[in-house]
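The values are calculated or read from the model by the stated rules, or taken from the named source; none is laboratory data. Note that the structure is predicted; figures quoted are calculated from it, not measured. Positions of Cβ are backbone-derived with ideal geometry, glycine not excepted, and every protein chain shown enters the neighbour counts. The accessibility values were calculated without ligands, DNA or RNA, using every heavy atom of the protein model including side chains. Shrake-Rupley method; radii C 1.70, N 1.55, O 1.52, S 1.80 Å.
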Amino acid sequence: MTIRWGKMIDDSADIAAAERAGFTHVQLTVDMIMAMSETQSAGFRDELARHKIKVEVCTSPLPPGVQVTEMGFNLYAWTEYLKKAVRRIADLGCKKLAWNDGRARVLPWEGDVTGIKEQVLQFLYMLCEVSDAFGITVLVEPLGPRRTNFLNTLPEVEDFLTRAGKENLRSMISFRELSEIGLGIEDIDKFSRLIHHVQLENPLMASGKRVPPLPGDGQDYASFFNGLRRAGYAGTVSLPAAADKASLDFCRQLWPEQP
């Protein structure tokens, strides 16, 4: 299977460095794109083309701090924002939009949360509707209990996405979250239809920062890659912003390109 190697970036100035390190793709946040003017966004698209860098995956459709599960969340107001945001990322070539912000979906610890879960369902339905117009698939990442108290496992995500009933709705996984979400490497192939994106970083983060994989860091990346191969995974694997040529070369050795 052929995969694409991506690098998470949060600054347009990082494009050239990503190319020099050997990356073919970058992963962007929607907030980064929305902070640009229309002219800046068009210039950024041209810069990506000059460096032959592609954007397949964008993350965090809502600005930091916006919580879908809070009382008073205005779905209609955010629909207009997301229409503009999705149009912009589609203009950059994006094909997948990941909702991987745990804080945005934290449920109240007390009281009936049935209505709030329905609110999340309506948000995902709307996001899929807006994204489908541009051929974009929405991804919901299961996150461990340290990051959220809702949609913590792949089976839970799968059940919730089934309720949404949208064809362009799938999931993703991050290596750092495997133990937190209770996913064994031997079970990855059971969710092959669901997993449409992968993030790879050392789960032992320093000061909360995403740490790139490197030889000798004590993590079994080879087994993880073998699990993805068995599942027939052929998407993008995104490394954190701190990743460089050394970490990319290390990963490529573990998953060499097929002739």
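A few comments on the model shown:
- If the condition is being open to solvent by 60 Å² or more (accessible area, probe 1.4 Å) and within 25 Å of LYS54 (Cβ to Cβ), then region 69-98 contributes LYS83, LYS84, ARG87, ASP91, LYS95.
- Scanning region 217-259 for residues that are without any contact (Cβ under 8 Å) to a residue 24 or more places away in the chain and surrounded by 12 or more Cβ atoms within 10 Å (Cβ to Cβ) yields a count of 1.
- Residue that is on the phi > 0 side of the Ramachandran plot and in contact with a helix residue (DSSP H, G or I) (Cβ under 9 Å, 6 or more places away or on another chain), where the choices are GLY72, GLY93, GLY6: GLY93
- Within region 16-44, if we keep just the residues that are over 18 Å from ILE3 (Cβ atoms) and of a type in the set (Gly, Ala, Ser), the residue that is least open to solvent (accessible area, probe 1.4 Å) turns out to be SER41.
- For region 147-163, residues that are in contact with a Phe, Trp or Tyr (Cβ under 8 Å, 6 or more places away or on another chain) and open to solvent by less than 60 Å² (accessible area, probe 1.4 Å) total 3.
- Hits in region 164-208 (condition: loosely packed, with under 13 Cβ neighbours inside 10 Å and out of contact with any Phe, Trp or Tyr (no Cβ under 9 Å at 6 or more places or on another chain)): GLU167, SER179, GLY184, GLU186, ARG193, LEU204, MET205, ALA206, SER207, GLY208
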